[in-house]
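Enquirer: To start, I am sharing the structure in question, which I have written as structure tokens.
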Amino acid sequence: MLDLPLSEISLVFLDTETTGLSPRFGDRMVEIALARFRGEAMENYYTTLLNPERSISPGAARIHGITDRDVAYAPRFRDVAKDVRAEMEGAVVVAHNAPFDLGFLSNEFRLARANSPANLALDTVLLLRRYFSFRSNALQRVADALGIERDTSHRALADVLTTRAVFEFIVQELRPQTLGELLDMQGGTITWANTSVREELPLPPALEEALRSHRKLFVRYVDEFGGKTERWISVMDVRAQKDARAQKEYIYVRAFCHLREAERSFRLDRVVEMKVEE
């Protein structure tokens, strides 16, 4: 397979929507979409809502618009695991921020008591970082910069089709002759890791970009009483911390708050919107 041109290989473009940011903290998938292409032709697509068997965090719901009511009667992942595996059979997986999606998918297979797939995987975010200089590598920002028409909803199938368009741009610019050459450009395949036991925290692209570039981050935040505030922050670090009252771990962002002119901590699942300073 590595010696074959990309036009002769089945590529499955993957996107997931989730209850939160990390399987390590019990977050689950609420939607999955896969679109299988060979060359220019779409061979098949598959999408479904999923019952995560837990509530969806306000921050996640704000991004994708999926509510607890929407997924109350949806199938559980274990009910569709065989269908998902069949859609991926023999294909190379392509995703935007692939470790995030592969981590969630690997964890779902584990919870379904099934072996995780081991498909070769390509990550459009990694390729964009290595070879291009977009101001933001967030999928929607890259698509807008390239003039790619897209569905403005942040749903799995819409993001899958946008990812494919971005991937086509990358391939046209880099011109790899074979799959192996593109994997070498990427630095190897993306590992299917079980993020439920990983120490690293998969972060939203805007937060990751703010950490890397040291630019300010705009956040719209909902506190524990439902109060909403908007502010600019300078991110200092991100950490996991156990809430003694809830007996759960949450991801916290420690930052300098320019609204309060002081250091503050923000629970990430309560951030309903964020964007990096232009």
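Enquirer: Of everything in the range 202-238 that's among the basic types (Lys, Arg) and surrounded by 13 or more Cβ atoms within 10 Å (Cβ to Cβ), which residue is nearest to Arg28 (Cα to Cα)?
Expert: To start, the set of residues in the range 202-238 that are among the basic types (Lys, Arg) comprises 212, 215-216, 220, 228, 231.
Narrowing further to those that are surrounded by 13 or more Cβ atoms within 10 Å (Cβ to Cβ): 215-216, 220, 231.
Details: Arg215: 30, Lys216: 29, Arg220: 23, Arg231: 29 Å.
The qualifying residue nearest to Arg28 (Cα to Cα) is Arg220.
Enquirer: Next question. Give the range 82-114 a look and list any residue that's under 26 Å from Val125 (Cα atoms) and among the small types (Gly, Ala, Ser), or say none.
Expert: The answer is Ala86, Gly90, Ala91, Ala95, Ala98, Gly103, Ser106.
Enquirer: Okay, next question. State which residue is nearest to Ile66 (Cα to Cα) when the search covers only the range 241-257 and only residues that are of a type outside the set (D, E, K, R) and surrounded by fewer than 14 Cβ atoms within 10 Å (Cβ to Cβ). Give the derivation first.
Expert: The initial filter retains those residues of the range 241-257 that are of a type outside the set (D, E, K, R), namely 241, 244, 246-247, 250-253, 255-257.
Right, trim to surrounded by fewer than 14 Cβ atoms within 10 Å (Cβ to Cβ) and you get 241, 244, 246-247.
Numbers: Gln241: 26, Ala244: 29, Ala246: 24, Gln247: 26 Å.
Within the range 241-257, the match that is nearest to Ile66 (Cα to Cα) is Ala246.
Enquirer: With touching a Ser or Thr at 6+ places or on another chain (Cβ under 9 Å) and surrounded by fewer than 18 Cβ atoms within 10 Å (Cβ to Cβ) as the only criterion, which of Ala98, Ala61, Ala74, Ala114 stands out?
Expert: Selected residue: Ala74, the only one of Ala98, Ala61, Ala74, Ala114 that is touching a Ser or Thr at 6+ places or on another chain (Cβ under 9 Å) and surrounded by fewer than 18 Cβ atoms within 10 Å (Cβ to Cβ).
Every residue, every condition in (1) at pLDDT below 90; (2) among the hydrophobic types (A, V, I, L, M, F, W, C); (3) closer than 15 Å to Asp15 by Cα, yes or no:
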residue: Phe109; (1), (2), (3): no, yes, no
residue: Val125; (1), (2), (3): no, yes, yes
residue: Ala138; (1), (2), (3): yes, yes, yes
residue: Ala145; (1), (2), (3): no, yes, no
residue: Asp151; (1), (2), (3): yes, no, yes
residue: Thr162; (1), (2), (3): no, no, yes
residue: Val171; (1), (2), (3): no, yes, no
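Enquirer: Give me a count of the residues in the range 28-46 that are closer than 13 Å to Thr18 by Cβ and either over 20 Å from the mean Cα position of the chain (by Cα) or modelled with pLDDT of 95 or more (or both).
Expert: Matching residues across the range 28-46 total 5.
Enquirer: Hey, another quick one. Go through the range 1-17 and report how many residues are part of a strand (DSSP E or B) and β-branched (Val, Ile, Thr).
Expert: Summing the residues that are part of a strand (DSSP E or B) and β-branched (Val, Ile, Thr) in the range 1-17 gives 2.
Enquirer: Please work out which one of (1) at pLDDT 90 or above; (2) in contact with a helix residue (DSSP H, G or I) (Cβ under 6 Å, 6 or more places away or on another chain) is the condition Lys82 fails and give its number.
Expert: Single failed check for Lys82: (2).
The values are calculated or read from the model by the stated rules, or taken from the named source; none is laboratory data. Predicted model only: the values in this text are computed from it and were never measured. In this analysis, Cβ positions are derived from the backbone assuming ideal geometry, glycine residues included, and neighbour counts consider all displayed protein chains.
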